[in-house]
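See structure below.
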Amino acid sequence: MKIICIGRNYTKHIEELENEKPEHPVVFCKPDTAILLKKQPFFIPDFSDDVHHEVEILVKINRVGKYIDRKFAHKYYEEIGLGIDFTARDLQSQLKAKGLPWEKAKAFDGSAVIGNWMPKSEFKNVDDINFKLIKNDEVVQDGNTSLMLWKIDELIEYVSKYFTLKIGDIIFTGTPSGVGKVIANDRLKGYIEDNEVFSVAIK
Ligand code: ZN
């Protein structure tokens, strides 16, 4: 399986990192070794002093598809999740400045937290889902999928032009504002609406 991630999909997050608003979705990938195993803590890697949490709505692909039209994209997923795209921001900034790929900063081991999945049928509208990240009892990020520049079905249309989507592939749909540094002994909890879908200790 592969993980396809979208960058710069929420206006306020683009502003907080002083990035340019993209003309098309920003896309990068994480290998399956990036997945943080269930119930395991996240260990801050020794190559970064500034690892940020980015909470993101996830979509799990359940059919093989290529050049999927947005009208039919809803047939390609039945489950919605929430995860964290851990980012070594210091390293990413260096790579960005040199115009180099981001993988070392974004695709390292443990950088993809994947919470419990929820059936799509539990939501009236996938483009109106509330989600949030709580760090040590404080809400640090909250968002709603209506605020995405490119909605889930548009993202599936876009990424499937480049990558054949296969069963089990996961799309990280981008983070809202409020990204920030994690330090040892933090605990991060993710919620979709009122459901806790992950809890991760930072070491
Ligand atoms: Zn992200």
Return the residues of region 23-37 that are assigned to a loop (DSSP other than H, G, I, E, B), exposed (fewer than 14 other Cβ atoms within 10 Å of the Cβ) and either of a type in the set (A, V, I, L, M, F, W, C) or in contact (Cβ under 8 Å) with a residue 60 or more places away in the chain (or both); say none if nothing qualifies. H24, L37
Does K75 meet the test of being in a helix (DSSP H, G or I), loosely packed, with under 15 Cβ neighbours inside 10 Å and touching a strand residue (DSSP E or B) at 6+ places or on another chain (Cβ under 9 Å)? yes
Please indicate, with yes or no, whether at least one residue in region 85-105 is of a type in the set (S, T, Y), in contact with a helix residue (DSSP H, G or I) (Cβ under 6 Å, 6 or more places away or on another chain) and farther than 23 Å from I192 by Cβ. no
Among (1) among the small types (G, A, S); (2) buried (at least 21 other Cβ atoms within 10 Å of the Cβ); (3) within 16 Å of the ligand (Cβ to nearest atom), the one test that S48 misses: (2)
So, in region 63-107, exactly how many residues are within 16 Å of the ligand (Cβ to nearest atom) and hydroxyl-bearing (S, T, Y)? 2
Options D142, D128, D153, D169: the member that is crowded, with 18+ Cβ neighbours inside 10 Å, over 23 Å from A34 (Cβ atoms) and not basic (K, R): D153
For region 39-72: of the residues being acidic (D, E) and part of a loop (DSSP other than H, G, I, E, B), which is farthest from S146 (Cα to Cα)? D46
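No value in this document is a laboratory result; all are computed from the given coordinates. It should be emphasised that the depicted structure is a prediction, and the values quoted were computed from it without experimental measurement. Glycine also receives a Cβ, built like all others from the backbone with ideal geometry; neighbour counts cover every protein chain displayed.
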